[in-house]
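Working notes, structure below.
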Amino acid sequence: MDMADIVTKIMQKADLATLIENFRRNKTDSLEILKSLTEAELKKLGLQTIGDRVKLREKVRSGFKQVQYSYSFKMDQSVSSSSQVETVSCVEYFGPFSEKLGISIEILNKFKYVVKEVPIGFICELRSFCHSEDQCISHLFALTGNKSCNYNESSVRRKIKDSVDKIKKMKKNKNKDVEGFLEKLENKSDDLDEVIDDYNVLKESYESLVINCNTIISECNSETVQFNNNNEKLKSTLNKLEEKYKIQSEKLDTKIQQLAEAKSKLGTYGIKNVNKKLKRKNEKKKILTQDLKSKTDENEQLWEELGEKEGIILNEDVLREDSEKYKNEIDDLWEHLFEKEAEKHTLSEQQQILNKQKVALQKRVSLLNKKFEKTVNEKKILKEQHDIEIENFEYEKKDLNEQIKALEKVNAFLEGDTIATFENGKYTNEVRECCMQLVTEGNVSLNKLPIVITSVLKNLTGKLPERLPSKSLISSRLMVEAKIVACKQACEAMLTNYKPTQAKGNVLHQDATTKYHDHYEGMQVTLKDGSNLSLGLSKVGGGDAATYTKCFNNIIDDLARSYSNPDEDSTKVKAKLITSIKCFLSDQCATNNVFNENIEKIRKDLLPTVINNFDNLTEIEKSDITKMGRFACRLHLLANFGTAADKALKLFEDSVTDSRNPFSFESDESGTFRLARTAAKALTKRGSDKSGIGAFWEVFLKGRDIKNHLVTFHGHRINIAFHDCAAVYFHRNDVLELLQDYPEPNGLLKSVLFDIKAKVFIAGSRAMGMLDKLVTAPFWKILEQEGSILDINNHLLQMKLCLSQWAADGSEPFSGALMYDVSLLDKDDLYNELFKETNDPQLDSFTQIALELLCAQLQIILERQAASQLPGGSYWEPSKNIKEMSKNVPKTNAISERDMAILDNLLKAKPAAKSSTLETVLMWTRNKPSKWLCNLPVSERHAALESASETCSSIH
């Protein structure tokens, strides 16, 4: 059978007979060429689906082995010795079991005794190699020796037949699993074909749009040229018009100047002035008319008298004199008239001057009134300032008196050999505060506390304390006072700027953990300014919502009791504390949801007691005030991603390989996660002290100038699983080189060496590493940035879209597709190694399949746990009230995780401590009440410590 027939037979077995002609036409009808074909070349030959390509590669691989073995066997039977030597040197064994036993074809043909026992796998390989069963039996007896063989020929035949049937059955089952997996791949391939068709349609529409755009651009260019030509013409016309405009503008300026002069002249002839002048002229006219009439009457009388005296001859000189006399009288009248006019004009000017003086006086009176009012206000402000200064002086006087007392104590201290620590039947506030701070923040044990205080005082001041509190007193009383001080600080911070009607309020955090068979519940709060405090910690009997609600009430009771005076009712303070809470932040378990509902109901019942006229508010206002925000920690999303990725990789590995690591225990853990976990355990300094070689590994890498990227594995917490998988892929060759030559490896190292050789686990590690660089690590940086939880809505939507797209086509990340901005990427050695070309089609194919399965699984987790912040969710398009409410809600519940970490350390350091002592130490470690006390005035600090002592006495 020639090579072309073998290729044809392989294509038929792979159900690809329709593509045989394509392979012949492209001269790819030999096994060597088929084995070297890339994914892109197979696509060009007609293999569009991933399943067809994987199936063909498997058939080519198995066919290539069969051809090698059969070809070597024929050459062994040939007469030509030179050809025989050449072939045997090329293919020495006929199967993996023969290679493991060291039985080559040459040894087999010599019928040489080699072994005493042979495994079933070797018998199956020998049966496939031989032409007949008789030949297989002869070789088997020859290899094992006739004398040492305890079986007859019939039993050997039966054993061979049973072995062959068993292998066929196993292959049949494996083929069924592979076929099922390939069907899934074909379905994905069909979806990919549809996406490609849609892409082609979009591409055609895009090309048509590009053509239309080019046409529009050419038209715009022609119109632009025409517009430029018209613009030049308009410019020349505009220049001419501007010259004409200048000439007309100069003429207009002269006319305006003339008009202004005319207006100034006309101003003297106002309507009022003209009327007055006309009135005066009319009066003058009447007077002159009357005078003229009287003179005329006198003349007539004279003429009558003359007429009566006919004989009398008038003297011309007399008449002339009379005429001159009358003329002079008229002139005198005109002069008198002009004098009166001048007097009137003078009086008018004086009246205007008086009016101006009156206006000036009125303005001055107004200014004086304003100055008077300003003076009164300044006097009032000065009085208030003086009152404040007097009050401040009183406080300063009080503080100075306290300082004087303190200085008197210091003076007494300097004069004596001992320090007074006990006054008025109790220890001083300074001693009590010192003991509280040393035990909580200083982590000094109760047994060593007197030694520490005495040693410090003796070495620094040369004096000794008069007396110090006993261990029992510190444990039973001072630690209770320390808790009251911490509660007072937390309560004061929660009630600062208390306004229950505002949308923005405090955020309640809560988390629980189990340590050494005891269950602990912790409460924390994020304040309006974004700072956070621990409210308390309690040992509880269970993990149900009713228990958590009871724990919350106890913690709030402690806070309210510490803030109130011992003889006061703390109910009002408790109501204010609960109603100051506006949002919750925790994980998404069912217990926390019920707990949030219980607290919301309690808060709703208390609101009418702290808001005046609550019942008179509208329903909308009541709804806005009673509504509380329920948010989920997005840090848990990364942890759940790790769990989901482990399950997805387990399914992927089971469908690709059935090999089992003989050096590990059976579990549901995927091989990829097992490799990352065992590698970190064996090759990090904080791994296994018994079986690990962390120090040797560090020296090994240092000699090659390589940085160790492996970190201690902590399950699925935070992002360690993804990072360690990326580190395993980066160090795969270094690990292989180290462990292959390591003398007498233990079981842990053997397990790592076995898994590092499996290509499917390396592909899974690479896929996890890619997700680390493109998804989880950038998202972790987003969570660490400042801002509220609703600021990540768009980032979550972007993650969903990319995961959905990559689940359909896992080749996009290989081609440089990004989920977030490039500034969030960490392009280090790991990144370069993960995205570097491998020239290994099988590894790339496995990596792509694993990446698609991982993205699909992560998408499910994202849509399930972040549904409220995705399109269609309650917080996707928040209202103005919800935006204001969520401004101080952090993105993660890290404050609760920190409290649980501190508790873990305290339980290891102080295993015999009571839960109340652990709570006090936790609150002082996190909230730092010592700084709060130091920032208070001396009087208020002493008052806080005295109040804590009185409250403690009332409790006891």
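The values are calculated or read from the model by the stated rules, or taken from the named source; none is laboratory data. Predicted model only: the values in this text are computed from it and were never measured. Cβ coordinates were reconstructed from backbone atoms using ideal geometry, including for glycine residues, and neighbour counts include every protein chain displayed. To get the accessible areas, we keep the full protein, side chains included, count just its heavy atoms, and leave off ligands, DNA and RNA. Shrake-Rupley method; radii C 1.70, N 1.55, O 1.52, S 1.80 Å.
Computed over the alpha carbons of segment 408-487, Rg followed by Dmax gives 12.9, 39 Å.
Other residues within the sphere of radius under 15 Å centred on the Cβ of S455, judged by their own Cβ, net out at +3 (K and R +1, D and E -1).
Peptides 346-359, 390-403, 420-433 ranked from most to least packed by the mean count of surrounding Cβ atoms within 10 Å: 420-433, 390-403, 346-359. Ordering 862-870, 363-371, 444-452 by mean Cβ neighbour count within 10 Å, with the highest value first, yields 862-870, 444-452, 363-371. Under the rule a/c < 1.5 gives rounded, and otherwise a/b versus b/c splits prolate from oblate, where does segment 797-861 land using the Cα gyration tensor? Here segment 797-861 falls in the oblate category. Treating r as the C-beta distance of Y516 and V610 and R0 as 41 Å, the FRET efficiency rounds to 0.50. Let me make sure I get this right: for segment 3-58, a, b and c are the square roots of the gyration tensor eigenvalues over alpha carbons, sorted descending. Under 1.5 in a/c it's rounded, otherwise prolate if a/b > b/c, else oblate. Which is it? It comes out rounded by the Cα gyration axes.
Of the trypsin sites (Lys or Arg not before Pro) in segment 620-671, the ones in a loop by DSSP (not H, G, I, E or B) with at most 13 other beta carbons within 10 Å are R660. Other residues within the sphere of radius under 13 Å centred on the Cβ of R898, judged by their own Cβ, net out at -3 (K and R +1, D and E -1). Of the chymotrypsin sites (Phe, Trp or Tyr not before Pro) in segment 630-716, the ones in a loop by DSSP (not H, G, I, E or B) with at most 14 other beta carbons within 10 Å are F665. Here segment 832-905 is described by how far its Cα atoms reach on the three principal axes: 55, 43, 22 Å, from widest to narrowest. For segment 3-58, with all protein chains in place and a probe radius of 1.4 Å, 50% of the accessible heavy-atom surface sits on carbon or sulfur. Apolar share of the accessible surface for segment 825-956: 49 percent from carbon plus sulfur atoms, 1.4 Å probe. Using a cut-off of 27 Å between Cα atoms, the listed pairs K539/K690; K572/K622; K759/K827; K622/K928; K528/K781; K681/K702 include K539/K690; K622/K928 as exceeding that distance. Which shape class, rounded, prolate or oblate, goes with segment 418-465 when its Cα gyration tensor gives a ≥ b ≥ c as root eigenvalues, a/c under 1.5 marks rounded, and past that a/b bigger than b/c marks prolate? Verdict is oblate for segment 418-465. In this entry, segment 635-880 is assigned a mean projected area of 14.1 nm², taken as a quarter of its C-alpha convex hull surface. For segment 774-857, GluC sites (Glu not before Pro) meeting the loop criterion (DSSP other than H, G, I, E, B) and having at most 10 other Cβ atoms within 10 Å: E786, E837. Sorting the segments 774-782, 823-831 by their residues' average number of neighbouring beta-carbon atoms within 10 angstrom, most packed first, yields 774-782, 823-831. Between N401 and D904, the C-beta separation translates, for a Förster distance of 51 Å, into a calculated FRET efficiency of about 0.60.
Just add up the charged neighbours of Q859: K/R +1, D/E -1, any other residue whose Cβ is under 11 Å from the Cβ of Q859. That sum, taken over residues with Cβ under 11 Å, equals 0.
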